[in-house]
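All of the numbers you see were taken from the coordinates with simple rules; none came from a lab. If you're wondering where the values come from, they're calculated on a predicted model, not measured in any experiment. Heads up, the Cβs are rebuilt from the backbone with ideal geometry, glycines too, and the neighbour counts pull from every protein chain shown.
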Amino acid sequence: MEIFNVEVRVMLKKGMTDAEGDTVQKSLALLGFKVQKVDTIKTYVLHVEAASKEAAVAEVRRACEKLIANPVIHDFKVTVLS
């Protein structure tokens, strides 16, 4: 078994309102920045013990589907860092 560092990026699906991103964009505009849109993304790094890279990805995908991401409003991307 090996430890794999697996990054998960969780973002809102297209069409979902990103209230946090909207607030940041408006605040930046008030400060004089010409930012048209801000999208927020949560990033997690999971340190997973698994027999292979593929097994680590499968385990993290299951974790995302069960807890980390809400499938109704979120998309997620899984990347093995090491």
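Over 22 Å between C-alpha atoms is what I'm after, so list which of 53/77; 13/34; 14/42; 13/42; 42/77; 26/77 land there.
13/34; 26/77
Around the Cα centre of the chain, unit charges on the Cβ atoms of Lys, Arg, Asp and Glu (plus for the first two, minus for the last two) sum to a dipole of about 340 debye. Note on the range 1-19 and the range 21-82: Cα centroid distance 2 Å, given to the nearest whole angstrom. Taking packing as the residue-averaged number of other Cβ atoms within 10 angstrom, the listed peptides 56-63, 29-36, 67-74 run from highest to lowest as 56-63, 67-74, 29-36. For the chain, the spherically averaged projection of the C-alpha convex hull amounts to 6.3 nm². Relative to the longest principal axis of the Cα atoms of the chain, helix 53-63 runs at roughly 60 degrees. The residue list 30, 12, 68 was ranked by how far each Cα lies along the charge dipole of the chain toward its positive end, using unit charges on Cβ atoms, and 30 comes out on top.
Could you give the length gained on full extension between residue 7 and residue 77, defined as 0.36 nm per residue of separation minus the Cα-Cα distance, in nm? The partial results should precede the final answer.
Working: separation 70, 0.36 × 70 = 25.20 nm, distance 0.80 nm.
Stretched fully, the residue 7-residue 77 segment lengthens by 24.4 nm.
Electrostatic bookkeeping for residue 7 treats Lys and Arg as +1 and Asp and Glu as -1; over the other residues with beta carbon under 12 Å from its beta carbon, the sum is +3.
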